[in-house]
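Where a number appears in this text, it was derived from the coordinates with a stated rule and is not lab data. As the structure is a prediction and not an experimental result, all values here were calculated from the model. Every residue, glycine as well, gets a Cβ built from its backbone with ideal geometry; the counts of neighbours run over all protein chains shown.
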Amino acid sequence: MKNCERFAKTTSLSKATSLEDISPKVKLERIMHIIFLCSGFICVVAVVLISLYMVISGLPVIREVGLKNFLFGTVWDPLNSTYGILPFVLSSLLATGCAVLVGGLFGLAVSVYLVFLAGQRVASMLRSLVQLLAGIPSVVYGLLGAMLIVPLVFRIQTFFGLPTSGSLLAAIFVLVIMILPTIISVSENALRAVPKQYMDGSYALGASKIQTILKVMIPSAKSGIASGLVLGVGRAIGETMAVMMVAGNASLLPELLKPARLLTVGISIEWAYSSGLHRQALQGIGLVLFVFIMLINVVLHRMLRRGGESGEK
C-alpha cells in the first residue's frame with residue numbers, strides 16, 4: 001500500500017510539473033491565435049468598410065446622371081454638368097492591357113534568362129537592377145518619360161500632324177517599365193520553385209534546353225507567372241502620377257498617338273477644385289475603378305484555380 005501511495009504521489013507530481021511546463025506554451029499559442037484572428041477580422045472589416053464607402057459615395061452621381069449616361073457618355077464637361085466617363089474607361093483598359101501584354105512577355109523572357117541561361121554574376125547584377133527599378137518612385141518614372149519617351153513619340157505625332165501634348169502610347173511605355181520589376185521577380189520565383197527533376201526528366205527524354213524551358217518549366221510555373229501578371233495589372237490600372245505626366249490628359253476616345261486621360265488621372269487632376277455634383281462624379285469614377293479592380297481579381301483568381309485543377313488532373 002505504501003508503495004502504491006508513493007507511486008500515486010510521484011505520478012501526480014510529474015503530471016503537475018508537466019502541466020506547469022506546458023501551460024506557458026499553451027497560453028502563448030492561444031494569445032497568438034487571438035492576435036491572428038483579430039488581424040484577419042480587421043482586414044475583412046476594412047475591405048467591407050471601403051466597399052461600403054465607395055458605393056455610398058459613388059451612387060449619388062449615378063442616380064443624378066443615370067448609369068447609362070455616366071458609363072457610356074463620351075463627353076466630360078463639368079461646366080455644363082455633363083459627366084461621361086467612357087473615354088476614361090477605354091483609355092485605362094487599353095493602356096493596362098497593352099502594358100501587361102508587352103511587359104508580361106518581356107518580363108517572362110527576362111526571368112527565364114535569369115533562371116536558366118545567365119551566369120551567376122550576370123544574374124546577380126541584373127537581379128539587383130530589377131530590385132532597384134522596383135524602388136524608384138512613380139514620379140521619377142513620369143519625369144523620365146516626359147524627358148525621354150514623349151520627345152520620341154513627338155516625332156511620330158509631328159509626322160502624322162497630330163497633337164503633341166502627350167499620348168496614350170507614351171503612357172503605355174511608362175507603364176511597361178513600371179510593372180516589369182514585379183513581373184520579373186514573381187516569375188523568377190515561380191520558375192525556381194519548379195522541381196529540378198522536371199528538367200532532368202525532360203533531358204532524359206531527349207528534349208533540348210529551349211524545348212524543356214518552353215514546354216516543361218514555363219507551363220509548370222504558370223500559376224506563379226499569372227500571379228505576377230495580376231500584380232502587374234493592379235500596378236498599371238492604379239498608377240496616377242507617372243501617367244499624368246506623359247499622357248496629355250485630354251478627355252478623348254483612346255488612340256495611341258493622341259492625348260488621353262485615365263480614370264485615376266481624372267480624379268487627381270480635378271479633385272482640388274471640385275464641389276457638388278462634380279465631386280460626386282469623381283467619387284463615381286473611384287467606384288467604377290474599384291469595381292474594375294475587384295472584377296479583374298475575381299476573374300483572374302478563377303482562371304488560376306481552373307488552371308491549377310486542370311494541371312492536377
What is the set of long-range amide H partners of residue 249 at a cut-off below 5 Å, with H atoms built 1.01 Å from backbone N?
-> 260
Toward the positive end of the charge dipole of the range 68-312, about the Cα centre and with charges on Cβ (Lys, Arg +1; Asp, Glu -1), which of 157, 266, 174 goes farthest?
-> 174
The chain: calculated mean residue ellipticity at 222 nm from DSSP helix runs of at least 4, using -39500 (n - 2.57) = -25500 deg cm²/dmol
What is the set of long-range amide H partners of residue 83 at a cut-off below 5 Å, with H atoms built 1.01 Å from backbone N?
-> 77
Cβ charges +1 (Lys, Arg) and -1 (Asp, Glu), total dipole of the chain, debye = 980
Would you mind checking the tilt of helix 150-160 against the longest principal axis of the Cα atoms of the chain, expressed as 0 to 90 degrees and rounded to 10?
-> 40
Isotropically averaged projected area of the chain, using the convex hull of Cα atoms (one quarter of hull area), nm² | 28.4
Stokes-Einstein, Kirkwood over Cα pairs, the range 29-156, 4 °C, 1.567 mPa s; D in µm²/s equals 64
Which of these, 182, 158, 82, has the largest mean-square fluctuation under a Gaussian network model of the chain (Cα springs below 10 Å)?
-> 158
